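We did not get these values from a lab; they are worked out from the coordinates using the rules stated. Computed from a predicted model, the values in this text were never measured in an experiment. Neighbour counts are summed over all protein chains in view; Cβ atoms, including those assigned to glycine, are modelled from backbone coordinates with ideal geometry.
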Amino acid sequence: MLKEEKKAHLVLPDGRDIQLDVITDNMGNHSIDIASLRKDTGYITYDPGFMNTGSCMSSICYINGEKGILRYRGYDIEDLVQNCDFIEVAYLLIKGVLPNTKERQEYTQLLNKHSLLHVDMRNFFRSYPHGAHPMAILASMVASLSAFYPEMEERDPEDNIDITVTRLLSKMRTIAAFTYRQDKGYDFVEPRYDYSYCENFLNMLFSSPVIDYHPDPVHVKALNQLLILHADHEQNCSTSAVRLVGSSEANLYASVAAGCCALWGPKHGGANQAVMAMLNKIISDGESVESVVEKAKDKNSSFRLSGFGHRVYKTFDPRARIAKKMCKEVLEAGHAQDRLLEVALKLEEVALNDDYFIERNLYPNIDFYTGIIFHLMGIPQSMFTVLFAMGRLPGWIAHYLEWRHDPYQKIGRPRQVYSGPELKKVIPINER
Ligand code: SDX
């Protein structure tokens with residue numbers, strides 16, 4: 001990160017010429033350093049949605065929205081999906097380097113060792129009403145981990161951060177699987193030491209004492225790739241939530257629980273579930289794809305094409321491209337046709353040839369195809385955002401750790417433009 005000699009000039013209404021540092025990052029992107037703007041001028045900036053605001057310096061993830069580039073720690077997402085599994089990528093995001101064989105084996109053993117849930121926590125699942133949204137359970141169970149594993153509340157959390165990270169990475173998968181089993185009214189299935197992270201997850205979902213279940217290798221590969229696609233994405237809404245909560249020095253579990261809640265929204269991680277609902281509705285209502293696209297363009301309708309558009313990507317989301325290819329592979333392996341994919345491909349074709357979408361650079365994002373793959377793996381729609389959270393967890397952890405070690409970070413506390421009333425006097429209630 002370089003602070004260039006060149007300055008940006010801001011001329012204020014009273015004629016003051018304010019000189020601001022220009023920062024040029026490693027990819028040649030420029031930003032203006034306004035860290036002392038209010039102190040020097042009394043002015044703040046106004047940027048709703050933080051569309052133009054960098055909240056931190058970060059070395060974890062790089063996105064080029066115009067070119068459709070996504071890199072974790074410098075590696076292209078396509079390269080990682082082709083050559084790594086999810087645990088390697090989680091290790092990369094959290095520790096900053098890819099593991100060698102020995103490191104990979106040791107990490108897997110550590111994750112297996114911490115994959116069980118405290119027996120008292122298991123009772124929590126039985127107290128939720130049937131049909132409770134899995135994200136409600138996930139967020140509260142993740143926050144509750146700090147009650148059962150309070151190491152980070154001790155004086156110097158740094159002493160225990162590694163064990164906390166490993167516990168969370170492993171137990172999140174167990175919580176996700178138990179949430180599904182609870183909803184189905186099934187007994188919990190424990191993780192196995194001889195299964196990989198993804199094999200274990202599928203086994204913990206679908207294993208049954210009355211069938212000879214073995215995780216389908218095609219689904220294990222697809223799940224690994226899907227979790228990698230979801231693993232990080234710069235300062236998105238949920239990662240920013242984790243950073244903001246973490247900036248108050250709340251523990252990792254509490255900060256990640258905040259990330260789960262932010263991810264839940266249909267504008268963010270809830271979109272994969274909304275895509276499936278949209279595709280299923282098109283099929284069940286027999287509505288034409290063309291009329292759905294027209295409805296998405298109608299400003300009088302709140303309907304938007306779920307899985308389309310992105311704050312940063314103004315071209316194809318590279319993850320959507322990979323997921324689209326993966327979707328076809330999973331279908332071919334299952335020798336199946338799928339009406340959902342047919343409708344999705346038609347929807348994509350119509351939208352991408354429509355001026356409204358072209359003018360606004362609206363393309364399929366990660367959520368457009370991933371839901372179909374989860375569906376083909378037998379995972380219910382209500383669990384889609386939970387799987388997004390499982391994938392995004394190493395990214396959340398990496399950003400939480402990066403904030404903790406960033407010398408420039410203070411507690412996050414944005415300012416505001418006040419639009420409320422001027423001074424008012426209270427009238428006693430009996431005179432109001
Ligand atoms: C994720 O940030 C991340 O990195 C997120 C994520 C990650 O990995 O963490 O990539 C994951 O959240 C992907 C996005 C999932 N959400 C959806 O698919 C929901 C549908 N998409 C939209 O809600 C929207 O595109 C957003 C929320 C994704 C982005 O919204 P922006 O950047 O605030 O854009 P905008 O709302 O200002 O839209 C610009 C224009 C508007 O029209 P005009 O006012 O210019 O006329 O595009 C229109 C919008 O109405 N528009 C859409 C649309 N998305 C934007 N119109 C129809 N359908 C859509 N999907």
Does residue 98 count as without any contact (Cβ under 8 Å) to a residue 60 or more places away in the chain, part of a loop (DSSP other than H, G, I, E, B) and within 29 Å of residue 268 (Cα to Cα)? yes
Of the residues in region 23-51, those that are touching a residue at least 60 places away in the same chain (Cβ under 8 Å), under 22 Å from residue 236 (Cβ atoms) and in a loop (DSSP other than H, G, I, E, B) come to 46, 51
Could we say that residue 416 is in a loop (DSSP other than H, G, I, E, B) and touching a helix residue (DSSP H, G or I) at 6+ places or on another chain (Cβ under 6 Å) here? no
Can you say whether residue 20 is free of Cβ contacts under 8 Å to residues at least 60 places away in the same chain and assigned to a helix (DSSP H, G or I), as far as the supplied structure shows? no
Confirm whether residue 359 is surrounded by fewer than 22 Cβ atoms within 10 Å (Cβ to Cβ) and within 23 Å of residue 291 (Cα to Cα). yes
